[in-house]
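Asks: For reference, the structure I am asking about is given below.
The values are calculated or read from the model by the stated rules, or taken from the named source; none is laboratory data. Given the structure is predicted, the values throughout are model-derived calculations rather than measurements. Please note: Cβ atoms are built from the backbone with ideal geometry, for glycine as well, and neighbour counts cover all protein chains shown. We work out accessible area using only protein heavy atoms, side chains counted, and drop any ligands, DNA or RNA first. Shrake-Rupley method; radii C 1.70, N 1.55, O 1.52, S 1.80 Å.
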Amino acid sequence: MRVNFVLSEVATGLRRNLTMTVAMILTTAISLGLMGTGLLIAGMISDMKEIYYDKVQVSIFLADGVTEEQRAAIDQQLSDSPEVANHIYESKDEAYARFQQQFSQQPELVQNTPPDALPESFRVELVNPERYELIAAEFPNGQDGVDQVRDEGDFLDRLFSLLNGARNATIAVAVVQALAALLLISNTIQLAAFNRRNETNIMRLVGASRWYTQLPFILEAALAGLIGALLAIGGLVVTKILFVDKTLAGPIRAGIIPPVDWGAIAFISPVIAAAGVGLAAVAAYVTLRLYVRI
Amino acid sequence: MIELQHVTKLYPASSRPALDDVSTEIDKGEFVFLIGSSGSGKSTFLRLLLKEDDPTRGTVIVNGKTLNTMSKWQVPKLRRTIGCVFQDFRLLNNRTVGQNVAFALEVINKPQRTIKRVVPEVLEMVGLEGKTNRLPNELSGGEQQRVAIARAFVNRPLVLLADEPTGNLDPETSEGIMLLLERINRTGTTVVMATHDYHIVDSMRRRVIELSEGALTRDQSRGVYGVGR
């Protein structure tokens, strides 16, 4: 196969349909970028689940006027309970310290919160998180120094359903964009084939193989897919540096949100590149088979 | 070499067959005129030989290969043994004369060495040796057709199909083109030429196959264009 010939055909084809090529590259890039974002969010969600679900499932907040004896009794009761896998005590000072760390990005909030505003609590890990009701029944609200029992799992469920929704929405938009990208690729290839119909007609008549005739078009699409994928990866890198690492720095340091590390981006980059190149090439091939007589 | 056995071609949109039970045989090295009015089936005849289309009924054999049963991927191989020339030349206007001829070899993967050797040879044969680097637009119609013939012949095909090659040319230029086709024929290449040009047919006195409304109405060696013309 004459490499120079094929490559010069590819370059000519891309140049000739510059506007279509740019549109094709941009939609591909957006689609792949969103796909990458969706994958990163998915990874983040599973990291977060590990951080949260394993730690705290139930919080028992103590009333302001709780006595030493009451506190010790609750501690004892938790230690004795077969439902409890683990529990830790958090004093007012510790609660405040954690609060300061969590909201370090919002100094006004920290300033306006007096150190003793946060209640002391027991953080309880259950053997079976589903059986929250049993623990809640053991410690009725407002009695024996207990202010309130809260199922953190319930809150986490809502948080994660929100995050899952965000992930699904991102992927849905990525799929719609991918469809637009595929149609654009198909159109561009049809246009390219039309522009080069004199060449391809002659190639057909003099007996060039089908493969030889089609390869420049397929490579053209694959190259555009690759450029789109590189732009998408660049977009993810920029998003990490400018958004995740800057805007979300506080929550990440506080351990609320897991960081997006370079490893994750390095891991999904080849996936994005392969998806971009593969889908574009397949779209081009199918287009040539269905619409173009070569 | 070329054989049609009871070939009928129906196009879906048409009620009358483009070719109607045509049987004929053309031997290696023959020079055949295919005549008939527009719509008589000449172009369909040529298209079937190239396997651009398949017959509705009947068998087409070219260079010993039965085209009906030939699979798609074998078609390029068949076409490398057939050269084609058209009324509208079909040159690539952004390539030079030399590049146009070389293109036909490049796309079937001939080595560069061979291309460098045979392109000047064939251009000399068609009488364009000094015009290798010209663009088609800078040439006269007759010269452009010579480039097209060079391109069709450069791979030494067994058969040369010419679809009204002189249709756009004046009589004097046409004569030059006919001399060239004769010369190619003398190298052993079978030439099948569809034409309306009765001057040429009458003066050359070669075999004439006449089609009328898709049917073969005359097959005459050393024939003329029409009786009573």
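Asks: Kirkwood hydrodynamic radius, segment B:111-214, all distinct C-alpha pairs: what's the number in Å?
Replies: 14.8 Å
Asks: Select from chain A the helices, each a whole stretch of DSSP H, whose alpha-carbon atoms run 30 Å or more along the helix axis and whose Kyte-Doolittle mean is at least -1.0; answer none if there are none.
Replies: A:18-53, A:152-195, A:210-239, A:262-291
Asks: Charges on Cβ only, +1 for Lys and Arg, -1 for Asp and Glu, centred on the Cα centroid of segment A:55-151; of A:VAL58, A:GLN102, A:ILE88, which one is farthest towards the dipole's positive end?
Replies: A:GLN102
Asks: Same structure, new question: What is chain B's relative contact order, in percent, from Cα pairs under 8 angstrom and six or more apart in sequence?
Replies: 28 percent
Asks: Give me the percent relative contact order of segment A:55-151, please, defined on Cα pairs under 8 angstrom at least 6 residues apart.
Replies: 51 percent
Asks: On to the next question. Ratio of segment A:55-151's C-alpha Rg to 2.2 N^0.38 Å, to two decimals?
Replies: Rg over 2.2 N^0.38 Å, computed on Cα atoms: 1.13.
Asks: If you don't mind, another one. Give me D for segment B:5-127 in µm² s⁻¹, whole number, from Stokes-Einstein with Rh from the Kirkwood sum over alpha-carbon pairs, 37 °C and 0.692 mPa s.
Replies: My calculation gives 194 µm²/s for D.
Asks: OK, next. Indicate, rounded to the nearest 5 percent, the antiparallel portion of the DSSP beta bridges found entirely in chain B.
Replies: 50 percent
Asks: Something else: How large is the accessible surface of A:PHE5 in square angstrom, using a 1.4 angstrom probe and rounding to the nearest 10?
Replies: Accessible surface of A:PHE5 is approximately 20 Å².
Asks: Which percent of the accessible area of segment A:200-276 is formed by carbon and sulfur heavy atoms (probe 1.4 angstrom)?
Replies: Here carbon and sulfur together make up 79 percent of the probe-accessible area.
Asks: Using only Cα atoms and rounding to the nearest 10 degrees, what angle (0 to 90) does helix B:171-186 make with the longest principal axis of chain B?
Replies: For helix B:171-186, the angle is close to 90 degrees.
Asks: How large is log10 of I(q)/I(0) for segment B:91-156 at q = 0.12, 0.14, 0.25 Å⁻¹ when the intensity is taken from the Debye formula with one equal scatterer per alpha-carbon?
Replies: Treating every Cα as an identical point scatterer, log10 I(q)/I(0) equals -0.24, -0.32, -1.05.
Asks: Which percent of Cα-Cα pairs in segment A:209-267 sits in each 10 Å bin, short to long?
Replies: Bins of 10 Å from zero give 20, 32, 19, 15, 9, 5, 0 percent of pairs.
Asks: Protein chains only, probe 1.4 Å: how do A:PHE160, A:PHE99 rank by accessible area, largest first?
Replies: Greatest to least solvent exposure: A:PHE99, A:PHE160.
Asks: For B:VAL60, A:VAL237, give the ranking by accessible area with the largest first, probe 1.4 Å.
Replies: A:VAL237, B:VAL60
Asks: What quantity of accessible surface, computed with a 1.4 Å probe and excluding non-protein components, is buried in total between chains B and A, in Å² to the nearest 100?
Replies: Looking at B and A, the buried total is near 1800 Å².
Asks: On C-alpha positions alone, give me the angle between the axis of helix B:97-106 and the longest principal axis of chain B, in degrees, nearest 10.
Replies: Approximately 70 degrees, to the nearest 10.
Asks: Percent relative contact order of chain A, based on C-alpha pairs within less than 8 angstrom and at least six residues apart?
Replies: In percent, rounded to a whole number, it is 33.
Asks: May I ask for the Rg/Rh ratio of chain A, computed from Cα atoms with Rh as the Kirkwood radius, given to two decimals?
Replies: A ratio of 1.25.
Asks: Something else: Give the Kirkwood hydrodynamic radius (Å, one decimal) of chain B, defined as one over the mean of 1/r across all pairs of different Cα atoms.
Replies: Answer for chain B: a Kirkwood hydrodynamic radius of 18.1 Å.
Asks: Antiparallel DSSP bridges in the protein assembly as shown: what percent, to the nearest 5?
Replies: If we restrict to bridges inside the protein assembly as shown, about 65 percent are antiparallel.
Asks: Can you compute the radius of gyration and Dmax for segment A:1-87, using only the Cα atoms, both in Å?
Replies: 30.6, 89
Asks: Scan around B:TYR225 for amide H atoms under 5 Å from its own, H built in the peptide plane at 1.01 Å from N, and keep only partners 5 or more places away or cross-chain.
Replies: B:ASP202
Asks: Taking a quarter of the surface of the convex hull around the Cα atoms of the protein assembly as shown, what do you get in nm²?
Replies: With every direction weighted equally, the projected area is 36.5 nm².
Asks: For a protection proxy built on the mean count of beta-carbon atoms within 10 angstrom, sort B:10-21, A:105-116, A:26-37 highest first, please.
Replies: Highest to lowest by the protection proxy: A:26-37, B:10-21, A:105-116.
Asks: Please report the spacing between the Cα centers of segment B:186-229 and segment B:87-154 in Å, no decimals.
Replies: Result: 28 Å between the Cα centres.
Asks: Another question, then. Of B:LYS9/B:LYS51; B:LYS28/B:LYS116; B:LYS65/B:LYS116; B:LYS65/B:LYS110; B:LYS72/B:LYS110; B:LYS77/B:LYS131, which ones are farther than 20 Å apart at the Cα?
Replies: Correct reply: B:LYS28/B:LYS116; B:LYS65/B:LYS116; B:LYS65/B:LYS110; B:LYS72/B:LYS110; B:LYS77/B:LYS131.
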